[in-house]
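The values are calculated or read from the model by the stated rules, or taken from the named source; none is laboratory data. The model shown is predicted, which means the values in this text are computed figures rather than measured ones. Please note: Cβ atoms are built from the backbone with ideal geometry, for glycine as well, and neighbour counts cover all protein chains shown.
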Amino acid sequence: MKVALFVPCYVDQFYPKAAIATLELLEKLGVDVHYPKNQTCCGQPMANSGYEHLTTGCNNLFIDNFSGYDYIVCPSGSCTLHIKEHLHSPEKEEQAVDIRKRVYELTEFLVDVLKVTQLKANFPYKVGLHQSCHGLRGLRISQMSELVAPAFSKPAQLLDMVQGLELVPLTRQDDCCGFGGTFCVAEEAVSSKMGKDRVDDHIEHGAQYITSADLSCLMHMEGILRRQKSDVKVIHVAEILNHYSHE
Amino acid sequence: MSNVTGKSHAELASIFNQDEPRVDWHDETLWWIRQKRDVQAHKLPEWELLRETASQIKNNVLSNLSTYLEQFEANAINNGIIVHWATDAEEHNQIIHRLLQERGINRMVKSKSMLTEECHLNEYLKEQGIDVIDSDLGERIVQLANEPPSHIVLPCIHKKKEEIGDIFHEHLGSAKGESDPKILTETARQHLREVFLTRRAALTGVNFAIAETGEFVICTNEGNADMGAHLAEIHIASMGIEKIIPERKHLGVFLRLLTRSATGQPITTYSSHFKRPQQGTDIHIVIVDNGRSIQLGREDFRNSLKCIRCGACMNTCPVYRKSGGHSYHTAVAGPIGSILAPNLDMKKYADLPFASTLCGSCSNVCPVKIDIHDQLYKWRQVIVKEGYSPTAKTMAMKAMAFTLSSPTLYRSGGKVGRLVFKYAPFAVNNSLNPWYKHREMPKAPEQSFGEWYNKRKEGKQ
């Protein structure tokens, strides 16, 4: 199984630890992981701002980098969803269609493709799980609170395999954190209020860490936590799943 | 009511957020309604099937709209109802004015109709010297406060009971400082009773118009539509062309969904059928287009016309909850309003499709399965292409697209202080840097993942 690692631009630049953890975790599970070195960005920042027509360059670059793999795995639900829904190329549409079918967010890849049932991992902390909207309502990696349907959660299922980890319940299990790409600056007041309220929910329930399958949400909440000089930290789900300490 | 200030959603939302405890109160109030909706929905194992059925019935209606409208008109006329057609808001308002003028009526009672808000009927009739009193309690409150409704189902949800007490004290003579909802409601009842008994004309909205029978159905919790219509000599019902359902049997699907979605009630208190006029009275229906057939012609946006105006998308929307209905500066606020309004005036409402994080909760609660958040995304593309996006944003986006299309530029940019940050979505407007107002910037690590990966590879060699 030949797997390409798709590292979103802001993860590459600001959160390399999450990408390293993703790579190491996949390698530990015996996956042959390749990192196409000319990758940049999925194009979502432009597209969500109404500039999808400017993403041709990003799309073609993405196709060049990620064609020919069995799977493409990404530690971000949002970027995965963007590729799944919006990767097009007038010249290489066939390849684009193929890639759209092969791209997976990390936790869904672990659960649905690798069918992971146990992990050698420990993390003796109280953890709040933030459901990123694109992972949740776009990729459906967990059940959505609005629907009348059986409950499940792929990230929670994996976190349950981690020794010592205690998932804290939340008052609002899947309310948005307010990041929303350019929304976070264009609608600064509402965005930061949403982030603040989301963070408060985790803190009130005693979370020491907030985790998620999406770093954009975590980056937003981290900005708020650090401004509040809070002891609560954010951590990508891959870093927890890859964490094993003998102490 | 139109946006008299000319301010955008973001500016109005920023003003709303100056009073954080009030934002919390507003957010909690609407979230409580969302939770009531969840409780009711979860009591029906067939909930998702009901949504799907309603969606398909409405899809059928939109695909055969002209046929159903003609069928409805013919049956309504047969029942003794007088039918009028209005191309736009102006014609709608003129028809109603004429009907009142012909009878020498200068006072009218009106139950809730978002269509008349959309058409600004009250303002129009006021200019013509006709006094309109809204009989829905929430609408009466905002009318006395000289404000537009902030929510299509809960028009005065932005007002606290103490504020309502002050308004009633000023206008209806309740005791100063009285804020007991029961006492205030009784004050409104006495006031409205006099109105119901003395008005010769009553205007109502229409929730569902049944093509098969030519009857129409109005849902209220207060019975105010019935009180007005039964006591008046002329009942005028305003309906948008999309309110049609094909057959009476379909009504059950929608009545089961409507208030469960709207307020978490199993059914509206009054679901009244109007089929033929009582002896000595008239029923008129004004069927209004006002841009709907243009929306019907927009393939990506046409199914927004499936909306049954339950307001569930507003209650669940975190942006609506934390910015308030008035920030949307349009008659129908929230996610659904943000996909309907640009059809009426793309320039004026260019900000609304961007007043969303695209979280998708709206589409999940929608009882007729409108893909609201996908349409918000699509409206953004249309608005930018039509040139209603700020030039500075376009320039930043072009620079960002250029950098991100080139691995070399991207990598060199990264090395000199994480240049991608300059174009990153949270720092597009870096002269003002709104991110930093309430949030710390991410810390730039010593090396990017790409740099780490190369070093590891070299180490292995």
Task: Breaking point among (1) assigned to a loop (DSSP other than H, G, I, E, B); (2) closer than 30 Å to B:LYS43 by Cβ, for B:SER272 - done: (1)
Task: Given (1) farther than 25 Å from A:GLN44 by Cβ; (2) within 13 Å of another protein chain (Cβ to nearest Cβ), index of the condition A:CYS176 fails - done: (1)
TODO: Just give me the residues in the range B:302-357 being among the hydrophobic types (A, V, I, L, M, F, W, C) and over 26 Å from B:ILE245 (Cα atoms), in sequence order.
DONE: B:CYS317, B:VAL319, B:MET346, B:ALA350, B:LEU352, B:PHE354, B:ALA355
Task: Any chance B:GLU91 is at pLDDT 95 or above and surrounded by 14 or more Cβ atoms within 10 Å (Cβ to Cβ) - done: yes
Task: Hits in the range A:116-144 - residues which are within 14 Å of chain B (Cβ to nearest Cβ) and either of a type in the set (Asp, Glu) or farther than 22 Å from A:GLY206 by Cα (or both) - done: A:CYS133, A:HIS134, A:GLY135, A:LEU136, A:ARG137, A:GLY138, A:LEU139, A:ARG140, A:ILE141, A:SER142, A:GLN143, A:MET144
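Could you identify the single residue in B:ASN315, B:ASN343, B:ASN290 that is in a loop (DSSP other than H, G, I, E, B), closer than 30 Å to B:ARG256 by Cβ and at pLDDT 95 or above?
B:ASN290
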TODO: With a cut-off of at least 1 residues that are in contact (Cβ under 8 Å) with a residue 40 or more places away in the chain, name the helices (runs of 4 or more DSSP H) lying wholly within the range B:57-172.
DONE: B:65-78, B:89-102, B:114-118, B:121-127, B:137-144
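Just the residues that are away from chain A (no Cβ under 11 Å) and either free of Cβ contacts under 8 Å to residues at least 12 places away in the same chain or closer than 15 Å to B:ALA312 by Cα (or both), please, taken from the range B:342-366.
Scanning the range B:342-366 gives a single hit, B:ASP345.
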TODO: Return a yes/no flag: does the range A:85-92 have any residue that is of a type in the set (A, V, I, L, M), without any contact (Cβ under 8 Å) to a residue 60 or more places away in the chain, away from every other protein chain (no Cβ under 14 Å) and assigned to a loop (DSSP other than H, G, I, E, B).
DONE: yes
Task: Verdict on A:LEU147 being within 11 Å of another protein chain (Cβ to nearest Cβ) and surrounded by fewer than 24 Cβ atoms within 10 Å (Cβ to Cβ) - done: yes
Open item on the list: Could you go through the range A:165-173 and let me know if any residue there is away from every other protein chain (no Cβ under 14 Å), more than 30 Å from B:LYS36 (Cβ to Cβ) and in contact (Cβ under 8 Å) with a residue 40 or more places away in the chain.
Closed with: yes
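Any residue at all in the range B:62-84 that's within 13 Å of chain A (Cβ to nearest Cβ) and at negative phi? Spell out how you get there, then give the answer.
Pass one, the range B:62-84, residues within 13 Å of chain A (Cβ to nearest Cβ): none.
Within the range B:62-84 (the criterion being within 13 Å of chain A (Cβ to nearest Cβ) and at negative phi), the answer is no, since none of the residues qualifies.
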TODO: Could you list all residues from the range B:383-396 that are at the interface with another protein chain (Cβ under 8 Å from one of its Cβ atoms) and either touching a residue at least 12 places away in the same chain (Cβ under 8 Å) or under 18 Å from B:ARG309 (Cα atoms) (or both)?
DONE: B:ILE383, B:SER389, B:LYS393
- [ ] Return only the number of the condition from (1) facing chain A (nearest Cβ under 9 Å); (2) within 21 Å of the chain's Cα centre (by Cα); (3) of a type outside the set (A, V, I, L, M); (4) surrounded by fewer than 21 Cβ atoms within 10 Å (Cβ to Cβ) that B:GLU48 does not satisfy.
- [x] (2)
Task: Filtered residue count, the range B:263-308, keeping only those that are within 18 Å of B:GLY337 (Cβ to Cβ) and in contact with a strand residue (DSSP E or B) (Cβ under 9 Å, 6 or more places away or on another chain) - done: 5
